[in-house]
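Working notes, structure below.
Just so it is clear, none of the values below were taken in a lab; they were calculated from the coordinates. Quantities reported herein were computed from a predicted structural model and do not represent experimental measurements. Here the Cβ positions follow ideal geometry from the backbone for every residue, glycine too, while neighbour counts run over all protein chains shown.
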2 protein chains.
Amino acid sequence: MREDLILASKSPRRRELLSQMGLRFAVCAVDVEECLGPGEAPADYACRVALDKARAGVAAIAATVHADLPVLGADTDVVVDGDILGKPADRAHALAMLRRLSNRTHQVYSAVAVVQRRDGVEQVRTQLAVTDVRFGVVTPEQAEAYWATGEPADKAGAYGIQGLGAAFVEDIRGSYSGVVGLPLFQTCEVLRAFGLDVLDRARTRDASPVRSRIQP
Amino acid sequence: MREDLILASKSPRRRELLSQMGLRFAVCAVDVEECLGPGEAPADYACRVALDKARAGVAAIAATVHADLPVLGADTDVVVDGDILGKPADRAHALAMLRRLSNRTHQVYSAVAVVQRRDGVEQVRTQLAVTDVRFGVVTPEQAEAYWATGEPADKAGAYGIQGLGAAFVEDIRGSYSGVVGLPLFQTCEVLRAFGLDVLDRARTRDASPVRSRIQP
């Protein structure tokens, strides 16, 4: 059976979240510049990067049998006092991030963009979920122990809510899946605009979603 | 290496959540009566049932080498207008529950209790997470399609937030893991009172938690 869409992302967590929705998809790894423009607000930035990824995916599949499928891009940013925290460069950087997130609320901006090019016409939709995440106190000893587990190294904001980082998260207000990397409620809404109903697909097929990988 | 604790639960989702915390545990399936007392509030009910499960676990391991380990019990209830929704009896029941949850906010009460008996002394701790879960509109067609996937059948409130049910969840306020079945922040706090620090354990061992099963 044919794929429902293309996921333009290298993130294993986004693959897992899309699989949770029972969708069939092919993965297309894209590289886009992720660089905040002067005066660009986090909300605009997240939507722009998600859209850039989706467009890069569209370009990558243009000459393949998948060319007319919807392509999904996403971007997730950890924001504190208006600053975007990226992935930590090293141990000291990670510890500084965790110290900054301790005992307060920060925001996670998670954008999803879908682009489809069909018969020369391009359709585009974007949605954003902003989630408040409240951390309990993170002691220096806990931050050190957490760094030693290896989990923070490749995570924006130096934590993963779907892993041991959950021990720090007292409370969230918004989208859990958005904090993980793809806001599912919003993703389903966007996909519906492309004629893709998640529940309808899920009931008309077996439980194991097919995934393939496109080498651009 | 020895287990950190005993999980008194049959729920595969609770096993997954405890594993996420990197803990080593043995599973002890317990059966306790889950029946709301007259005039009992949902918060009291959830804590009581969690504690009943932990105590049943303590009784089950009394004659084993695990007898002095902390035993964790948990209870999760979906509550709307003060009514506790259990697991659906059949298709019509599930559809009625989903209709009731559509386009509004309900609550999920998720309690964790830990009991440890050592040298004749019993130590007990309980914590509760109450989470607001807001559903978007669930159309009758979507409810039917969702039922047909098989997911709602064994879920309290007829949905699973960690599965396709995420498509309905617009927003949560509180503990995501609590809605799944075990509030992790609160669980870590409770375990700390028993000298069990999750991050400290995680860094001093390899990544794969050991699980065994106790046959009482």
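Global dimensions of segment B:5-214 from alpha-carbon coordinates: Rg and Dmax equal 17.7, 58 Å. Each other copy places its own label point for residue A:124 at 6.1 nm from this one, sorted shortest first, where the point lies 7 Å along the Cα-to-beta carbon line. Kindly list the residues of segment A:1-43 that lie in the label zone of residue A:204, defined by a backbone N under 16 Å from the point 7 Å along the Cα-to-C-beta vector. Correct set: A:1-5, A:22-25.
Considering only beta bridges that DSSP places wholly inside chain B, some 75 percent are antiparallel. Partner lysines whose Cα lies under 20 Å from the Cα of residue A:10, excluding those fewer than 8 positions away in the same chain, are identified as A:53, A:87, A:155. Counted by Cβ distance under 13 Å from residue A:129, the other residues give a net charge of -4, where Lys and Arg count +1 and Asp and Glu count -1. For peptide B:171-179, the mean count of partner chain Cβ atoms within 10 Å of a residue's Cβ comes to 5.
Note on residue A:134/residue B:105: beta-carbon distance plugged into 1/(1 + (r/R0)^6) with R0 of 25 Å gives a FRET efficiency of 0.85. Based on Cα contacts under 8 Å between residues 6+ apart, chain A shows a relative contact order of 25 percent.
If both residues of a DSSP beta bridge must be in segment B:3-113, then about 65% of such bridges are antiparallel. Along its first, second and third principal axes, ordered by size, the protein assembly as shown spans 76, 56, 34 Å in Cα coordinates. Ordering A:155, B:53 by the number of other Cβ atoms within 10 Å of each residue's own Cβ, fewest first, gives A:155, B:53. Around the Cα centre of segment A:5-214, unit charges on the Cβ atoms of Lys, Arg, Asp and Glu (plus for the first two, minus for the last two) sum to a dipole of about 620 debye.
Under a Gaussian network description of chain A, with springs only between Cα atoms under 10 Å, the residue in A:28, A:47, A:188 that fluctuates furthest is A:188. Near residue A:104, once Lys and Arg are set to +1 and Asp and Glu to -1 for all other residues with Cβ below 12 Å from its Cβ, the sum equals -1. Counting other Cβ atoms within 10 Å as a rough exposure proxy, the listed residues B:172, A:6 run B:172, A:6 from fewest neighbours to most. Springs between Cα atoms under 10 Å define the GNM used for chain A, and in it the highest mean-square fluctuation of A:108, A:130, A:65 occurs at A:65.
Each copy carries residue B:189; placing its label point 7 Å along the C-beta direction from Cα gives inter-copy distances of 3.2 nm, listed from smallest up.
DSSP beta bridges confined to the protein assembly as shown are antiparallel in about 80 percent of cases. Dividing the mean sequence gap of close Cα pairs (under 8 Å, 6+ apart) by how many residues segment B:1-66 holds gives a relative contact order of 36 percent.
Just B:179, B:30, B:71 to compare: in a GNM of chain B, with alpha carbon springs under 10 Å, which one fluctuates most? Looking only at B:179, B:30, B:71, the largest GNM fluctuation is found for B:30.
Annotation for residue B:103, label-to-label distances across the other copies: 4.5 nm (shortest first, one decimal, point 7 Å from Cα along Cα→Cβ).
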